[in-house]
Every structure is written in structure tokens, then in C-alpha cells.
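A short worksheet on the structure shown next.
The values are calculated or read from the model by the stated rules, or taken from the named source; none is laboratory data. Since this is a predicted model, take the numbers as computed values, not measurements. When we count neighbours, we look across all protein chains shown, and the Cβ atoms used for this are built from the backbone with ideal geometry, even at glycine. To get the accessible areas, we keep the full protein, side chains included, count just its heavy atoms, and leave off ligands, DNA and RNA. Shrake-Rupley method; radii C 1.70, N 1.55, O 1.52, S 1.80 Å.
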Amino acid sequence: MAKKEIYYIDFNVDEVSSRINNIMSKWSVHSIHIRGQKWQIFNYSDDLIYEFDFLIDFKNVEGRIKLEDLKLNVIHHIESLKDDTMYIDDLVLEELLY
């Protein structure tokens, strides 16, 4: 069963970035799927190993900016790994905006 963490709008971008990066560095991670408020980390067998839920209203600009900053930090970390770890970016889902 996958581990799960839940964050609210008051989360610290740097702390959560470090948390995600540490998990991705420790585990054999194949991909991270960023789908709106639900971010899922999968191993090479496509088993869900970790999930982050961000309970943020996408109509709140501050919340969206924080998630964008977090996403960029995670993408930079993935690119620094220089392996085949990939990300799927569906951060802004249309149904979350209306």
C-alpha cells in the first residue's frame, strides 16, 4: 500500500520539494504523475509507491503559484538525476478552475 501525505495551502514549497526529492532519490522511481492536486510517484513496475495530495482551491492564485513552484523544483530534480525518471505534467486541470 502506498504512503500518502496531505498538504494544505500553508505548505512550505522548499520543505515539500525536499521531501519529494528525497523520496525520489531513495526509491527506484520511474515516474511522477502530477495531476492537479494529486501527485503520484510510481516505481518501475508501475506500482504506486507514494502520493501527495494538495488540498488547495485552484481558484486561489497563491495556491496555484505555490504548486507551480513546487512542480518546477521537482522537474529540476528529475532532470538532475540524468536517468530515465520521467514526469507527466497535468497540473492545471480544466475542471479545477471552474
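In the stretch 1-28, the residues that are in contact (Cβ under 8 Å) with a residue 12 or more places away in the chain form Cβ pairs under 7 Å with partners that are assigned to a loop (DSSP other than H, G, I, E, B) and open to solvent by 60 Å² or more (accessible area, probe 1.4 Å), at six or more places apart or across chains, as follows: Ser28/Tyr44.
Scanning the stretch 33-50 for residues that are modelled with pLDDT under 90 and of a type in the set (Gly, Ala, Ser) yields a count of 1.
Scanning the stretch 6-32 for residues that are open to solvent by 30 Å² or more (accessible area, probe 1.4 Å) and part of a strand (DSSP E or B) yields a total of 4. Would you check which residues across the stretch 51-72 are crowded, with 17+ Cβ neighbours inside 10 Å and either within 16 Å of Val13 (Cβ to Cβ) or at pLDDT 90 or above (or both) and list them? Within the stretch 51-72, Phe52, Phe54, Ile56, Gly63, Arg64, Lys66, Leu67, Leu70, Lys71 meet the criteria.
Could you check the stretch 50-65 and list, in sequence order, the residues that are basic (Lys, Arg) and either under 15 Å from Ile23 (Cβ atoms) or out of contact with any Leu (no Cβ under 8 Å at 6 or more places or on another chain) (or both)?
Residues of the stretch 50-65 that are basic (Lys, Arg), as a first pass: 59, 64.
Selection gives Arg64 alone.
Yes/no matrix, rows are residues, columns are (1) within 18 Å of Ile6 (Cβ to Cβ); (2) of a type in the set (A, V, I, L, M):
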| position | (1), (2) |
| --- | --- |
| Arg35 | yes, no |
| Phe42 | no, no |
| Asn60 | yes, no |
| Gly63 | yes, no |
| Leu70 | yes, yes |
| Asn73 | no, no |
| Ser80 | no, no |
| Ile88 | no, yes |
